[in-house]
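Structure first, commentary second.
None of the figures in this text is laboratory data; all of them are computed from the coordinates on show. Computed from a prediction, not measured in an experiment: that's the story for all the values here. A quick note on method: Cβ atoms are made from the backbone with ideal geometry, for glycine too, and the neighbour counts reach across all protein chains shown.
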Amino acid sequence: MHLCRALPVNGELDIIIIGAGLIGLCTAGAVAARGLRVHVIEVHDGPCEGTSFSNSGMIHPSQAMSWDPEPLQTPDSTRARHDAAQVTARLAERSKTLLLDRIKSLGLPGRAPGCLQLYPDLNAARSAKTKYNEIGIKANILMNPKESFGLPACQFPDDSSGDARAFGCALAADLETRGVSFRYGAADLDVRKSDGKFVVRTSNGLASADHLVVAAGIGSVDCLARLGVRMQLNAVSGAAADFHRPEDDEDLPAVPIMDAQSRSALTVFEDRIRISGGWGLKTPGPLLERWRQIAPDLMQRLGHPYSEWFGFRPLSPVGRPYISRTSVPNLWVNTGHGHMGWTLCAGSGELLAQMIVDGHEDRRFVFSG
C-alpha cells in the first residue's frame, strides 16, 4: 500500500480550510493540535451557519445506513450500501468518543445517553433491529408508551446527543485562542494554484497556503471545480422548526426520538424543542404534520414554531463521506457526510489530520477525483 509522506510539524506550514461548519472546524482543530498554522475561510458571517445551524442534535452512530427512501435495489448496490454503512458506523463510534470528550472540555452541558426510533408496528421494528445488528449497531426493542408515544421503537443505547451549533461556536472561539485565524463573510470565492501554492481570493481578502482542505458542504463541488476536480454530491434538502420549551416540561422525552417514516427527529434542548430532518423538504410543514399524528398532545402544547429553517445536506453517492486526498497534490476533501455530519465531525477531522500531517493512509473514504 502506498503511504503519503508525513509532513514536518514545524509551525511553518500553512493550511487553508474552506468551510467553518462542524466538519471544517473539527478539521482545523485536529490540524492545529499538530502544531500547524491554520486559516479557515467561510462564506457566512460566522461559524455553523450552513447545515450545521439547525441540526437535530443527535450523535447517532446507529444511523450510519443511508436515509435514501428509494435506493437502487440490486445485489451489488445492496452490498455496497451495507459495506458503506459498516465503515461509516465504525468511524462514527470513534468520532462519538472524541466529540463527547471535546464537548466536556469546552464546558458544554452533557446529556442523557441514547436515542429512539419509532416504527409503525412491531414487525417493522424487529426487521430494523436485525439490519442494525448486521452492521454492528446495538439496538433493543422498546415498547413503553411513556417513552415512545405508544409506538414500537428501536432503542440505541450507544447513541448520544448535544447542541451542534453551540458546540461549533464554542469550538471556533477556542480555536481562535489557539492561533487559528478565521475569515468570515468571504463572498465571491475564487481558488487557484500558482507556483505550488493555493491562492484563495474572496471579497474581503487574499490568502495562500501549501495545502487546501475543502470542507464546504454542498459548496465543495463548485470550489473543487475551480481546480479542475469534479465531485458529485447530492444536495438533499431538509427542514427544521424550533418551539419554545413549555414550562410544564416534566414529561418531555429524555432523549431524541426519531421517526423512521419521515426521517425526522424530535429533540428536547435546554431552551427549546426542535423537530428536524426529512428528505427533499424545503419547509418543515410535512414534518410537523407527521409529529401531530405521533404526539398530538405534545404538539398541541407546543403550539406554533417561533423559527423555521431549511438547508441542503451534502450526500455522497457512495453512501459514505469523502475524507481523502484528491488528484491535485496537497488538495484534500472532507465532505459528503449527509445526515451524519454532527456525528462524524470529530472523527472526520482527526482522520484527515492524520492523513495530511502524519502520512496516514485510509482507503475507506477515498475520493477518486
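Odds and ends about this structure:
- A simple packing score, the average count of other Cβ atoms within 10 Å per residue, orders the peptides 115-127, 253-265 as 253-265, 115-127, with the highest score first.
- Each part gets one Cα centre, and for the range 339-368 versus the range 32-73 those centres are 13 Å apart.
- q = 0.12, 0.15 Å⁻¹, the range 192-346: log10 I(q)/I(0) [Debye, one scatterer per Cα]: -0.65, -0.84
- Our estimate of slack between ARG363 and ASN234, defined as 0.36 nm per intervening residue step minus the Cα-Cα distance, is 44.3 nm.
- Nearest-ten-degree value, helix 341-358 long axis tilted from longest Cα axis of the chain: 20
- Expressed as a fraction of 2.2 N^0.38 Å, the C-alpha radius of gyration for the range 19-136 is 1.31.
- Mean projected area of the convex hull spanned by the Cα atoms of the range 76-172, taken over all viewing directions: 7.7 nm².
- Other residues whose C-beta falls under 13 angstrom from the C-beta of GLY347 contribute a net charge of +2, scoring Lys and Arg +1 and Asp and Glu -1.
- Shown here: the chain, whose C-alpha atoms stretch 64, 47, 34 Å along the first, second and third principal axes, sorted largest to smallest.
- Rounded to the nearest 10 degrees, the angle from helix 164-177 to the longest Cα principal axis of the chain is 30 degrees.
- Mean separation of Cα contacts under 8 Å (6+ apart) over length of the chain, as relative contact order %: 26
- For the range 194-279, dividing the convex hull volume of the Cα atoms by the residue count gives 170 Å³ per residue.
- If the segment from ARG245 to ALA173 were pulled out straight at 0.36 nm per residue, it would be longer than the present Cα-Cα gap by 23.2 nm.
- For the peptides 176-188, 29-41, residues were scored by their other Cβ atoms within 10 Å and the scores averaged per peptide; the highest-first order is 29-41, 176-188.
- In terms of its Cα atoms, the range 105-144 spans 42, 25, 12 Å along the principal axes, sorted from long to short.
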